[in-house]
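Bear in mind these aren't lab numbers, they're just calculated from the coordinates by the rules spelled out. Keep in mind that this is a model prediction, so the values were computed, not measured. Note that each Cβ is placed from the backbone with ideal geometry, even for glycine, and that neighbours are counted across all protein chains shown.
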Amino acid sequence: MLNSYVVDIRKTLHAIMEEDERVVVLGEDILDAGGGGAFKATVGLSTKFPGRVITTPVCEYSIVGVSVGLALRRMRPIAEIMFGDFMSIGFDQVINHACKYSGMYNRQVTVPLVIRTPMGGGRGYGPTHSQSIEKHFLGIPDLDVVAPSHAHSVGKLLRRSVERENPVLFVENKLLYPAALFDGSETIRVARSAGTLGYESVRLMNYRPGERPDVCILTYGGVSRLMIPVLEKLAAEEIRVLCCLPGLLSPAPMADIQDAVEEARRVLIVEEGTSCFGWSAEIASRLYASAAARLAAPIATLSAEPTVIPAASELEDKVLPSAAKIENEVMKLLSHD
Amino acid sequence: MVTAQTSIGQKIYFKAFLIRNVEEKFLTLFGKGLLRGTVHTCVGEEVGQVAIIDALNTETDILFSNHRGHGHFLAYGGPVKGLMAEVMGRSSGVCGGIGGTQHLHFRNFYSNGIQGGIGPNAVGAALAEKIKGSDAVTTVFLGDGTMGQGATYEALNTAGLWNLRLLFVLEDNGISQTTPKSLAHAGDLGTRARSFGIRSESMEAGRVLELHALAKQLVADIRTQSRPAFLHVTTYRLRAHSKGDDTRSETDLEDLRRKDPLPILRASVVSEIGEESCTKQEAGILKRIEDTTDTCLKDPQTSYDDFISSWTRC
């Protein structure tokens, strides 16, 4: 039995703290006395490493800002921001401090900082605790934005993030926390590669080796939860899908996806964040520049509706991407000759 | 040159004189179109800065400075050439001309141009030292304008909570860019840190020797007790916020100039070493600034290839 997503993160945090005394973990309610974090990712850490696990007041600006100071002084901070929505409060520290010091000091310092935070809806938390706002952090020079799906070796991605000398935003997903990591099924093969900048890249395929995919779906993070049933169902309909789940979102991981796009020639990009000006727009524009002649159909995109995320369950389901919506987009793509 | 005979007053005076004239040179160069961007000078505030920073161990202690940081930088021991070249955008600057006036780094000196953001960074640096088991003191310089930022209070809270070796210095020049303190703040700035359980002291920058002694005492106590402290210094900004015109009345400025601690300190230095010796040392400093300016003007900018090669293209 594979670890669950959150257990893999927790075990990796334990291992990293054991191996490297410079690693400090800080965030709200992360002590064992407080339950080991709102989503239990830090359970056991404060008991084992009392001096290096620091519970903070409610001050997301400072959680990031203090981590920047720690990193400047050659520690390896891992900050936890309880809900991804709260990253807006730390945004100035990310863009004007964490991602500035090294460059503006002409590379005389580094800021090896990892910010872990869960994004994503589906739990009825409503408008300010359900968003996927990572698109606002894409394209910031010196920042890696990383998003493990449950088909990734999540701990390996976290390790790679901690190894990096620049700041990393590590986007986890709330619904994935309890999910068992996925390593393939009777219908779905999993292929892993080192990926851009050493961040593991994963592919899911619902067809046999040697066959050619009908559609390529590019997505990341929590959408992987939808992809398993979608690939199972489409396999039954003999629709061959190659799903790319790059671990790295930004800088754009084109090397991880380019050949898959060219092979399938029909492309759907899915993200859970709101539509317009997001990851899918950037990836699509790059693919039009590099592979337009190879495409058999215009690139399709699917994201959340541009609304608040309703607390009411039926409304929330309708606003966010779903397996049914993905299947529908795939069918539309296949209807192009 | 600091010798056994050099008094604290002399040491502070000549360093402050250097800072004053480096910054006056910046304003002159700006007027001639040889500098671009912005230049926030600390003219009038130098003596207090030197008095405080002299209390630190610049080998091991850490200093966070702000948009008005040239004085802190030179007082810390940052190189004159490295500063002037940086402000002039040359490759010989301490940050290769990439950072410029507000973004300086040298050894344990860090500055940034965002109001308030350095507070939590300084807390993080002090926390790093605590975890490492060192007794280094981190100092962060804030202005009265920065007391409007919530981040400042987060920093006071966490520094107090975590018993960090952190000295907050509030340089209160009474004006935030063009906005007087009366339009920006309720209550008393000097006592705010006390509600975070942080020892707070207030002093006027013109009382140089007392300020120096107070800073030394605070730094020593921070080091031995592992508790932060807050030093509120009343000081005077004699120049505009940045290059350009001052919005204050000539009468108000005249009043401030009369309080300028530099000529007052000079008078006491002259009483110790005589006018001739003082003038001679001043002339040496001025010549050094002229020579450094000439060298900097001839220095190249960092090559684009060198600059761009360190970035991951998206």
Could you line up B:Lys287, A:Lys318, A:Lys135 from fewest to most neighbouring Cβ atoms inside 10 Å?
-> B:Lys287, A:Lys318, A:Lys135
Net length gained if the chain between B:Thr178 and B:Arg107 were fully extended (0.36 nm per residue, minus Cα distance) | 22.3 nm
The stretch A:110-179 and the stretch B:223-253: distance between their alpha carbon centers, rounded to Å | 41
For B:Ile62, residues with placed amide H under 5 Å, excluding near neighbours = B:Val137, B:Thr138, B:Thr139
Kirkwood radius from Cα pairs of chain B plugged into Stokes-Einstein at 10 °C, 1.306 mPa s, gives D in µm²/s equal to 79
Once you treat every alpha carbon in chain A as an equal point and sum by Debye, what is log10 I(q)/I(0) at q = 0.09 Å⁻¹?
-> -0.46
The long-range amide H neighbours of A:Thr110, using H built 1.01 Å from N in the peptide plane and a cut-off of under 5 Å, are none
Please average, across the residues of B:114-120, the number of beta carbons from any other chain that are within 10 Å of each residue's own beta carbon, and give a whole number.
-> 6
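For the stretch A:7-52, report the translational diffusion coefficient in µm²/s to the nearest whole number, using Stokes-Einstein at 4 °C, 1.567 mPa s, and a Kirkwood Rh over Cα pairs.
Working: Rh = 10.3 Å.
Using the Kirkwood radius from Cα pairs, D works out to 125 µm²/s.
If the viscosity is 0.692 mPa s and the temperature 37 °C, what Stokes-Einstein diffusion coefficient in µm²/s follows for the stretch A:137-231 when Rh is the Kirkwood radius over Cα pairs?
It diffuses with D of about 228 µm²/s by this estimate.
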Rounded to the nearest 500, what is chain B's calculated 222 nm mean residue ellipticity when only DSSP H runs of at least 4 contribute -39500 (n - 2.57) each, over all residues?
-> -14500 deg cm²/dmol
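With 29 Å as the limit, write out which pairs from B:Lys216/B:Lys243; B:Lys25/B:Lys280; B:Lys216/B:Lys298; A:Lys11/A:Lys318; B:Lys25/B:Lys130; A:Lys11/A:Lys325 have Cα-Cα distances beyond it, or answer none.
Violating the 29 Å limit, Cα to Cα: B:Lys216/B:Lys243; B:Lys216/B:Lys298; A:Lys11/A:Lys318; B:Lys25/B:Lys130; A:Lys11/A:Lys325.
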With label points built 7 Å along Cα→Cβ from the Cα atoms of A:Asn96 and A:Lys332, find their separation and express it in nm.
-> 4.0
Going residue by residue through the stretch B:78-90, the Karplus relation 6.51 cos²θ - 1.76 cosθ + 1.60 with θ = phi - 60° gives ³J(HN,Hα) values, rounded to whole Hz and with x marking Gly or Pro, of x, x, 4, 4, x, 6, 4, 5, 5, 5, 8, x, 9
At a Förster distance of 35 Å, what's the computed FRET efficiency of A:Arg192 paired with A:Glu305, Cβ-Cβ distance as r, to 0.05?
-> 0.60
So what is the calculated 222 nm ellipticity per residue for chain A, using -39500 (n - 2.57) for each DSSP H run with n of 4 or more, over all residues, to the nearest 500 deg cm²/dmol?
-> -9500 deg cm²/dmol
Most exposed first, judged by fewest Cβ atoms within 10 angstrom, A:Leu26, A:Leu138 run A:Leu138, A:Leu26
Using only Cα atoms, locate the centre of the stretch A:26-96 and the centre of the stretch B:148-197, then give the distance between them in Å, rounded to an integer.
-> 24
Per-residue Cβ contact counts at 10 Å, fewest first, order B:Trp162, B:Trp311, A:Trp279 as B:Trp311, B:Trp162, A:Trp279
Expected vector for the stretch A:65-79, Karplus 3J(HN,Hα) from phi with 6.51, -1.76, 1.60 and θ = phi - 60°, integer Hz, x for Gly and Pro, equals x, 5, 4, 4, x, 4, 5, 4, 9, 6, 8, 10, x, 10, 9
Quick one: Debye curve from the alpha-carbon atoms of the protein assembly as shown only, equal weights, vacuum; give me log10 I(q)/I(0) at q = 0.08, 0.12 Å⁻¹ to two decimals.
-> -0.66, -1.17
Return the sequence-ordered ³J(HN,Hα) values of the stretch B:59-75 in whole Hz as given by the Karplus equation 6.51 cos²θ - 1.76 cosθ + 1.60 applied to θ = phi - 60°, using x for Gly and Pro.
-> 6, 10, 6, 10, 10, 10, 10, 10, 4, 10, x, 4, x, 4, 4, 6, 4
